[in-house]
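S.K.: This is the structure I want to talk about, given as structure tokens.
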Amino acid sequence: MLAMAMGAPEIVSVGADYIAQLQGASMKNPKSILITGASSGIGEALARHYAAPGIVLHLCGRNRERLESVTDACRALGADVHAMVLDVTDAARCRAWIDASDVIAPLDLAIANAGVGLPQFGESMDRVARETFAVNVDGVFNTAHPAIDRMRPRGRGQIAIVSSLAGYQGLASTPAYSSSKAAVKAYGEALRGFLEPEGIEVSVICPGFVESRITARNDFSMPFFMEAPRAARIIAKGLARNRGRITFPWQMVIAGRILINLPMGVIDWLARRAPRK
């Protein structure tokens with residue numbers, strides 16, 4: 001059964017011996033993992049990737065049916081799964097969920113993955129921008145900050161923030177999405193150095209086109225499109241190595257780095273020819 005977002009999350013004790021085992025986990029081998037947006041896309045793929053005996057997964061998503069499916073799949077793989085139907089824009093409920101998750105099993109890794117990519121054209125610019133930033137930026141704050149507060153007294157833990165290669169340059173085809181991802185990319189990069197003296201690792205994840213509900217709506221060519229399970233393997237490997245920036249695929253990374261160094265006149269010319277989301 002999934003916990004309802006309307007009430008306080010249920011706190012379940014797993015025993016002192018098990019807690020001691022979890023506290024001994026290294027960031028290369030996290031035992032207690034929290035993932036937002038776990039009901040589809042990269043979040044679902046990461047949950048399935050990490051699911052195994054001895055692993056505690058704390059998952060949230062907005063769609064109950066899809067989240068139940070992911071929960072069942074991860075439990076079948078041997079993981080101890082605690083799932084919550086939750087909207088990451090609700091700061092108070094996010095904090096309550098994260099606090100309760102940390103009581104169940106002290107968090108080793110918190111992945112702020114929940115995100116949206118709303119249609120930009122033909123819609124209210126103000127509504128799209130505010131709703132996009134509420135999930136993609138405030139949702140990251142609502143996940144990372146409570147998790148950091150729980151990790152700080154222990155002097156250990158890892159935060160992963162999912163940005164995008166779209167955050168390397170403001171894109172005319174997706175103004176709200178690309179700028180929201182640029183914001184969390186910069187924030188995560190800054191947090192890495194800020195929190196390093198306290199023993200907390202921070203990684204920023206910048207994927208290209210990856211299989212998800214967001215990319216499923218795209219009706220244009222997506223170069224070097226990647227299936228979600230492969231993306232999850234790349235991300236997990238990068239997190240185990242404490243890489244500050246996990247970017248892929250390499251072809252899109254090179255293209256993104258070239259783009260940010262082009263003159264604005266060239267970028268304007270490309271923007272006029274880019275497909276509209």
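S.K.: For residue 81, what residues show an amide H to amide H distance below 5 Å, using hydrogens built from the backbone and excluding near sequence neighbours?
M.R.: Correct list: 57.
S.K.: Whose amide H sits under 5 Å from the amide H of residue 31, counting only residues 5 or more places off or on another chain, with H placed in the peptide plane?
M.R.: Residues meeting the criterion, in which the H sits 1.01 Å from N, are 108.
S.K.: Further question on the same structure: Please compute, over every Cα-Cα pair in the stretch 33-140, the percentage with a separation greater than 16 angstrom.
M.R.: Everything past 16 Å amounts to 57 percent.
S.K.: Take the Cα pairs of the stretch 132-198, get the Kirkwood Rh, then feed it into Stokes-Einstein at 4 °C and 1.567 mPa s and tell me D in µm²/s.
M.R.: Diffusion coefficient, whole number: 103 µm²/s.
S.K.: Which order do peptides 108-116, 68-76, 181-189 fall in by mean Cβ count within 10 Å, highest first?
M.R.: Those peptides, ordered most packed to least, come out 108-116, 181-189, 68-76.
S.K.: Going by average Cβ neighbours within 10 Å, how do the peptides 31-38, 53-60, 166-173, 194-201 rank, with the highest at the top?
M.R.: The packing order, highest mean first, is 31-38, 53-60, 166-173, 194-201.
S.K.: Moving on. In nanometres, what is the gap between the two model label sites at residue 125 and residue 173, each 7 Å from Cα along Cα-to-Cβ?
M.R.: 2.0
S.K.: Provide the packing ranking of 236-248, 88-100, i.e. peptides ordered by the mean count of other C-beta atoms within 10 Å per residue, highest first.
M.R.: Going by the mean number of other Cβ atoms within 10 Å, highest first, we get 88-100, 236-248.
S.K.: Report the label-to-label distance for residue 190 and residue 72 in nanometres (one decimal), using points 7 Å from each Cα along the Cα→Cβ vector.
M.R.: Once both label points are built, they end up 4.4 nm from each other.
S.K.: Calculate the FRET efficiency for residue 227 and residue 141 from the Cβ-Cβ distance with a Förster distance of 35 Å, rounded to the nearest 0.05.
M.R.: Efficiency for this residue pair is about 0.75.
S.K.: While we're looking at this one, here's another question. How high is the relative contact order of the stretch 55-94, given as a whole-number percent (alpha carbon pairs under 8 Å, six or more residues apart)?
M.R.: That works out to 49 percent.
Here, each number is a calculation from the coordinates, and none is a lab measurement. Note that the structure is predicted; figures quoted are calculated from it, not measured. Glycine gets a Cβ as well: all are built from the backbone with ideal geometry, and neighbour counts include every protein chain shown.
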